[in-house]
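In what follows, a single structure is set out as structure tokens and then discussed.
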Amino acid sequence: LQQGPTMIRWKNAVLGAAVFVAAHLVVMAGWREWFRPGGDFPPWFLNSGRAVVLTAVLVFIAGAFVGLTTRGGRRESLLAAGNLSAGAIVAMCVVLALTGPGTLFPIALAIGAGVIVVSCLAGALTASAVSGG
């Protein structure tokens, strides 16, 4: 069964979810020592600039990976990055729901989704440009 141009790439979506969860686990493990939040905030990647950078870098690397491993040029790389983003965003929503969303959760979801999508697409586009796709 060959995938068409609009099919979901489940491997990429699962990879996106795994990358976000891994980033969150690192944030939780080193919350006070590495990320130094400016108050008594719970471990969440948007509660610390360093945690935002860590998450964005990991998602960028995953985006570059799917961009390099996807055959079919720039369009396929962007589609793969979209699936990667979707998986990471679903994981972000689940993590936020499990940790307690708070009153500003719609804003947290929107900003978090923006960070994820921009990082994934930037990684995929960078990989596509480097590989000549």
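The values are calculated or read from the model by the stated rules, or taken from the named source; none is laboratory data. All figures in this text were calculated on a predicted structure; none of them were measured in a lab. When we count neighbours, we look across all protein chains shown, and the Cβ atoms used for this are built from the backbone with ideal geometry, even at glycine. Just so you know, the surface numbers come from the protein's heavy atoms only, side chains and all, with ligands and any DNA or RNA stripped out. Shrake-Rupley method; radii C 1.70, N 1.55, O 1.52, S 1.80 Å.
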Subject >> Where P43 falls short, out of the listed (1) over 21 Å from I8 (Cα atoms); (2) surrounded by fewer than 19 Cβ atoms within 10 Å (Cβ to Cβ) >> reply: (2)
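Taking segment 67-79 as the search range and keeping residues that are open to solvent by 20 Å² or more (accessible area, probe 1.4 Å) and in a helix (DSSP H, G or I), which one is farthest from V118 (Cα to Cα)?
For segment 67-79, the residue satisfying everything is T69.
Quick grid of which residues meet (1) open to solvent by less than 50 Å² (accessible area, probe 1.4 Å); (2) in contact with a Phe, Trp or Tyr (Cβ under 9 Å, 6 or more places away or on another chain); (3) outside any helix (DSSP H, G or I); (4) within 18 Å of A110 (Cα to Cα):
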{"site": "A13", "(1), (2), (3), (4)": "yes, no, no, no"}
{"site": "F20", "(1), (2), (3), (4)": "yes, yes, no, yes"}
{"site": "E33", "(1), (2), (3), (4)": "no, no, no, no"}
{"site": "P37", "(1), (2), (3), (4)": "yes, yes, yes, no"}
{"site": "V52", "(1), (2), (3), (4)": "yes, yes, no, yes"}
{"site": "A56", "(1), (2), (3), (4)": "yes, yes, no, yes"}
{"site": "I61", "(1), (2), (3), (4)": "no, no, no, no"}
{"site": "F65", "(1), (2), (3), (4)": "no, no, no, no"}
Subject >> Among residues of segment 81-117, those that are under 19 Å from A22 (Cβ atoms) and either among the hydrophobic types (A, V, I, L, M, F, W, C) or open to solvent by 50 Å² or more (accessible area, probe 1.4 Å) (or both), counted >> reply: 19
